[in-house]
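The values are calculated or read from the model by the stated rules, or taken from the named source; none is laboratory data. Computed from a predicted structure; not experimentally measured. When we count neighbours, we look across all protein chains shown, and the Cβ atoms used for this are built from the backbone with ideal geometry, even at glycine.
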Amino acid sequence: MASSVLDRELKKGSAELLILSLVEDRPRHGYDIGQLIELRSRGALRFNVASLYPLLYRLEKRGWIRGRWVERAGQRRRRYYRLTAAGKKILAAQRDGWREFVEAISRITGIQHA
Amino acid sequence: MPDFKKEIRKRLEGLSLSPVREHEIIEELSQHLEDQYDQNLRGATTEEEAYCAVLLSLDESKLLGPELKRVERRAEQETVALGAEGKTNMFEDLGQDLRYGLRMLVRSPSFTIIAALALALGIGANSAIFSVVNTVLLRPLPYKNPDALMMVWEEATHLGFPFNTPSPANFIDWREQNTVFEGMAAMAQQSFNLTGAGEPERLDGRRVSANLFNILGVEPVLGRTFRPEEDQPGSSVTILSHGVWQRNFGGDPSIIGRTINLDGKSYSVIGVMPRTVDLPSMDNWQDQIWVPIAFFSKMPPAAGIITWRSSPGQSPASRDSRRRPRWIPSRGASRSSIRRRTRALGSPSNQCASGSSEISDPRCSFC
């Protein structure tokens, strides 16, 4: 029980960083973002519709990402999210914060990077 | 493909989203669920199993409704997140606000029209007020040391004219007894008929003391100003405005010394003034030509407004207290204010009528 609460909190705390990182290079739609998180975390992290989209909308409200409907030939109309200038600053700050946090935890616990 | 929109719509009930926003969310989420459904099918499950799995993920954490409610309603009350500076990019917000504002304006055309009218009236009124303030208070007179220039009138309040224009005799008296001012000059508006230079034309002009332009510190662009010996009856010299020189004589640089005909009399052109010269006037009078004022005994009364330039370190208040012409410093009293003041007083030519050329006339003497 305690472990699942910790997992949930860690996931919650890192979710913004994950999403901002994934839309840094190019715009992505929500399903793509969810798939990439699951794929790159090798199944350790998974976002469903109910948790992913409220987070996307919150980031958009904050002005860190911007969603835009895009229609492409032969494809369905999709909403792509891209990182804004404000989002880039936040991403850089969050990366630094997480790096420092992980290093601090590593120093204390002796956990080494893989 | 199952219709996931209905399922999503059910879960959004009670959020009081705008129809547009609700439609957007439903469309986006249903696409996600359809992708997920397709993927489930590719995993060799039955349609029913794939459908149930999708619905399960939709309700997995029971978070969709509450989370969306929080995001859509209370985004502005969120605490500052890690790395945030408490505000987003100003220009991005501005763009968003502008688009939102435009949508609202399009939705309410009557409000838009009223707002646009109110803005137009407000901007127009402000522009008009600023034009007046700029002309009256801010823009200095285009003369050398304008703070030292003063307009002087006779005080004839007992006759109903607190700002009366003096007679030539009074002006001469003031000038002879002056101990305060560097110089005094008189001027009187007069129209002239210009003939012999193309089409006959009626010109706004002015008779001025020979030293007027020297007092104002205005240099001609061509030729010279009047000499004292030319300020005598019978004088036949004239100075043209820049506009007349350009319009009637094509800006001819050899205009100096040329004879022109004013009111059937020949005048020799001795100078051309720069276009900035704009003397105070009672109305929309635009000086186009000047001749010496050349006081003479039968001259009509009310020679006009007198311009003084005070001597350094002295003020009109130090003058003989028994004889006090009413004076107004030119500071802040630019052309328009002077025009307004003189217009409010009525035509000076109607004041100090008969006999006012005599200095003994009580109506035109100093108060």
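Values as computed for the structure displayed
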item	result
Residue that is farthest from A:TYR53 (Cα to Cα), among those in the range B:15-39 that are touching a Phe, Trp or Tyr at 6+ places or on another chain (Cβ under 8 Å) and touching a residue at least 24 places away in the same chain (Cβ under 8 Å)	B:TYR37
Helices (runs of 4 or more DSSP H) within the range B:1-110 that include 3 or more residues modelled with pLDDT of 75 or more and of a type in the set (Asp, Glu)	B:19-42, B:47-59
Hits in the range B:21-36 (condition: surrounded by fewer than 21 Cβ atoms within 10 Å (Cβ to Cβ) and among the acidic types (Asp, Glu))	B:GLU22, B:GLU24, B:GLU27, B:GLU34, B:ASP35
Residue list for the range B:214-242, restricted to those being buried (at least 23 other Cβ atoms within 10 Å of the Cβ) and either of a type in the set (Phe, Trp, Tyr) or free of Cβ contacts under 8 Å to residues at least 24 places away in the same chain (or both)	B:PHE226
Residues being basic (Lys, Arg) and in contact with a helix residue (DSSP H, G or I) (Cβ under 8 Å, 6 or more places away or on another chain) - total across the range A:60-76	4
Candidate set: the range A:41-76, residues that are more than 8 Å from chain B (Cβ to nearest Cβ) and basic (Lys, Arg); chosen: the one farthest from B:HIS23 (Cα to Cα)	A:ARG42
Residue match in the range A:105-114 (condition: under 14 Å from the mean Cα position of the chain (by Cα), assigned to a helix (DSSP H, G or I) and surrounded by 12 or more Cβ atoms within 10 Å (Cβ to Cβ))	no
Flag for A:LEU22 being surrounded by 15 or more Cβ atoms within 10 Å (Cβ to Cβ) and either more than 12 Å from every other protein chain (Cβ to nearest Cβ) or in contact (Cβ under 8 Å) with a residue 60 or more places away in the chain (or both)	yes
Test: residue in the range A:78-94 that is facing another protein chain (nearest Cβ under 8 Å) and closer than 23 Å to B:SER57 by Cα	yes
Cβ pairs under 9 Å, 6+ apart, first in the range B:51-70 and at the interface with chain A (Cβ under 9 Å from one of its Cβ atoms), second among the polar types (S, T, N, Q) and part of a helix (DSSP H, G or I)	B:VAL54/B:GLN36; B:VAL54/B:ASN40; B:SER57/B:GLN36; B:GLU60/A:SER51; B:SER61/A:SER51; B:LEU63/A:SER51; B:LEU64/A:SER51; B:GLU67/A:SER51
Search result, residues across the range B:159-171 that are part of a helix (DSSP H, G or I) and either of a type in the set (S, T, N, Q) or at pLDDT 85 or above (or both)	B:ASN170
Flag if B:THR179 is surrounded by fewer than 21 Cβ atoms within 10 Å (Cβ to Cβ), modelled with pLDDT under 85 and assigned to a helix (DSSP H, G or I)	no
Count - residues of the range B:213-266 that are farther than 24 Å from B:GLY183 by Cβ, aliphatic (A, V, I, L, M) and not in a helix (DSSP H, G or I)	3
The one condition in (1) out of contact with any strand residue (DSSP E or B) (no Cβ under 6 Å at 6 or more places or on another chain); (2) within 30 Å of B:THR135 (Cα to Cα); (3) at pLDDT below 90 that B:SER310 fails to fulfil	(1)
Exclusive hit being under 11 Å from the mean Cα position of the chain (by Cα), within 29 Å of B:GLN96 (Cβ to Cβ) and not charged (D, E, K, R), set A:GLY63, A:GLY67, A:GLY34	A:GLY34
Given (1) polar (S, T, N, Q); (2) closer than 15 Å to B:GLN31 by Cα; (3) at pLDDT 90 or above, index of the condition A:ASN48 fails	(3)
Set B:ARG202, B:ARG206: member being part of a strand (DSSP E or B), in the same structural domain as B:ILE239 (by TED's automatic domain parsing), within 36 Å of the chain's Cα centre (by Cα) and closer than 19 Å to B:ASP231 by Cα	B:ARG206
Qualifying residue in the range A:94-103 (condition: modelled with pLDDT of 90 or more, under 23 Å from B:TYR100 (Cβ atoms), touching a helix residue (DSSP H, G or I) at 6+ places or on another chain (Cβ under 9 Å) and buried (at least 17 other Cβ atoms within 10 Å of the Cβ))	no
Residues satisfying the stated conditions in the range A:19-63, i.e. among the polar types (S, T, N, Q) and in contact with a Ser or Thr (Cβ under 8 Å, 6 or more places away or on another chain)	A:ASN48, A:SER51
Leading residue by the ranking (nearest to B:LEU216 (Cα to Cα)) among those in the range B:112-153 that are in a helix (DSSP H, G or I) and polar (S, T, N, Q)	B:THR135
